[in-house]
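Here is the structure we will look at.
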Ligand code: NDP
């Protein structure tokens, strides 16, 4: 896409599968040119782009690890050169490596925190600089109900997601007067690869709506927060969890 294009541009990290794919499709459906970031699964990323094109949208795939400062910088330099504006950044990439805290290897603690929090830093800082020059833009980060109430076996994941909420609220207040909004969406249990080993039938009992959520149900909230319809919303955490808290 050339800089002259009128399309809005969105970056979706971890946009190749699960919730990120649904977000990429939803943003593309509403007219964004979507840059789909992913780390390893080339086929899933290509499939997502194909699905965007099949629904008449446009975008591209970009493989890099959001937690790797050098890789992220290289990718963002390229994006900044090619696009006059970045309208939306969705920090969705995330991993889980569950274990009871006393059994948790240091590497699993570090990897989960790095993907979420280093990822937020590596992506959001350069994009915000561009948004400041544009005097507009929206950043939405995907946390979790676990970051709000904690969850047995997820100390690393809960810490990362709670940190994401704190960072987002802080940044939101720092730049609120500049026309840029920063918000968080906190999903409950959503049907993706991430929960394939979770005891879903048991967990359903603690979800007031009695069912698991769909990626599209998260994506629609993200699309709303990216849009001008959410023009007076910043520094907020919106839960999409079937009534869990
Ligand atoms: P999936 O495991 O289905 O997909 C994860 C995505 O993130 C993939 O596209 C993956 O790419 C990408 N990714 C992972 N690590 C990196 C990295 N270091 N750099 C770039 N991309 C990366 O996860 P979900 O769709 O379920 O989750 C999406 C987000 O929503 C996560 O932040 C998760 O914590 C959060 N969430 C999910 C919930 C759920 O129940 N599913 C509940 C609450 C929050 P690749 O395949 O190439 O590795």
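Each value in this text was obtained by applying a stated rule to the coordinates, not by laboratory testing. In this text, all values refer to a predicted model and were calculated from it rather than measured experimentally. For neighbour counting, all protein chains shown are included, and Cβ atoms are generated from backbone atoms with ideal geometry for every residue, glycine included.
Note on the chain: with a GNM built from Cα contacts shorter than 10 Å, the maximum mean-square fluctuation among 235, 153, 15 falls on 153. Over the chain, DSSP H runs of length four or greater, each weighted -39,500 (n - 2.57), average out per residue to a 222 nm ellipticity of -13000 deg cm²/dmol.
How large, in Å, is the stretch 1-154 by the Kirkwood hydrodynamic radius built from its alpha-carbon pairs?
By the Kirkwood definition, the hydrodynamic radius is 16.1 Å.
Structure remark: mean-square fluctuation, Gaussian network model of the chain, C-alpha springs under 10 Å; the largest value among 181, 17, 39 belongs to 39. Once the Cβ-Cβ distance of residue 46 and residue 206 is raised to the sixth power relative to R0 = 51 Å, the FRET efficiency obtained is 0.85. Relative to the longest principal axis of the Cα atoms of the chain, the long axis of helix 18-29 makes an angle of roughly 30 degrees. GNM on the chain, alpha-carbon springs under 10 angstrom: the most fluctuating residue among 25, 164, 132 is 132.
How far is helix 119-134 tilted off the main Cα axis of the chain, in degrees rounded to 10, range 0 to 90? Taking the Cα atoms of the chain, the angle to 119-134 is about 30 degrees.
Could you tell me the center-to-center distance, by alpha carbons, between the stretch 26-78 and the stretch 166-212 in angstrom? Measuring centre to centre over Cα atoms gives 21 Å. For the chain, the longest principal axis of the C-alpha atoms and the axis of helix 42-54 are separated by about 60°. Computed over the stretch 94-245, the range of Cα coordinates on each principal axis works out to 47, 36, 22 Å, biggest value leading.
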